[in-house]
Amino acid sequence: MLVLSFPQLEHDGFCQNPFFECLVAEVPEESKSKEGFTVVGYSFFFYTYSSRKGRSVYLEDLYVMQEFRGNGIGRGLLSKVAEVAKKKQCAQLQLSVFNWNTPARDFYAAKGAQDLTVTEGRHFIRFDGQNLDNLANEAPKD
């Protein structure tokens, strides 16, 4: 299993043409976490394109430290990503949620998100590791 290194993450997010964007939620020093952190949440997203809808944003991660949940930080981060999407003229904001993460599914549903598994019967598909290598090796040679 390939594990992303910090230098690779830093490069991909801060190079000339970044692969992703990230917003952070920060609290004042006097409200820092038990561990001493002032950054208590983040949203991690990137741009995609839909042949049916046009420009899109994909929200890969939305995280708020447990002790800061319930204070509107997640809602604020999600709304900021939506604001960025609208400024970039994106038609949709997409994300995926694990089946077991009922609190997150409920959170997004309360904000108006549609579960495409139900409404469109879509399945989230991935190629990685050896399967990605095998598929790439099948590409026609120039």
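Figures for the structure shown
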{"quantity": "Residue-span extension gain [F124 to Q66] - 0.36 nm each, minus C-alpha spacing", "calculated": "18.1 nm"}
{"quantity": "Theoretical gain in end-to-end length, A110 to A139 [0.36 nm per residue, Cα-Cα removed]", "calculated": "6.1 nm"}
{"quantity": "Separation between Cα centres of the stretch 98-133 and the stretch 1-65, rounded to whole Å", "calculated": "19 Å"}
{"quantity": "R55 versus W100: modelled label distance in nm, points set 7 Å from Cα along the beta carbon direction", "calculated": "3.8 nm"}
{"quantity": "Phi to ³J(HN,Hα) by Karplus 6.51 cos²θ - 1.76 cosθ + 1.60 over the stretch 78-91, Hz, x for Gly, Pro", "calculated": "4, 5, 5, 4, 4, 4, 4, 4, 5, 5, 8, 6, 7, 8"}
{"quantity": "Pair E26, D12: separation of 7 Å Cα→Cβ label points (nm)", "calculated": "2.4 nm"}
{"quantity": "Shape of the stretch 88-142, Cα gyration tensor, a/c cut at 1.5", "calculated": "prolate"}
{"quantity": "Per-peptide average of other Cβ atoms within 10 Å, ordering 17-27, 112-122, 37-47 highest first", "calculated": "37-47, 17-27, 112-122"}
{"quantity": "Ellipticity estimate at 222 nm from DSSP helix runs (n ≥ 4, -39,500 (n - 2.57)) divided over the chain, nearest 500", "calculated": "-9000 deg cm²/dmol"}
{"quantity": "Long-range amide H partners of Q94 with built H, under 5 Å", "calculated": "V57, Y58, L59"}
{"quantity": "Selection from Q16, L59, F44 lying farthest towards where the dipole of the stretch 1-65 points positive, charges on Cβ", "calculated": "L59"}
{"quantity": "Integer Hz, Karplus 6.51/-1.76/1.60 couplings in order for the stretch 20-27, x for Gly and Pro", "calculated": "8, 10, 9, 10, 10, 9, 10, 10"}
{"quantity": "Cβ charges +1 (Lys, Arg) and -1 (Asp, Glu), total dipole of the chain, debye", "calculated": "700 debye"}
{"quantity": "Coordinate range along principal axes, alpha carbons of the chain, Å, largest first", "calculated": "60, 39, 33"}
{"quantity": "Global geometry of the stretch 58-122, whether rounded, prolate or oblate, following the gyration tensor of its Cα atoms and the 1.5 cut on a/c", "calculated": "oblate"}
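Quick note: the coordinates plus some simple rules give every number you see, no bench work behind them. Keep in mind that this is a model prediction, so the values were computed, not measured. When we count neighbours, we look across all protein chains shown, and the Cβ atoms used for this are built from the backbone with ideal geometry, even at glycine.
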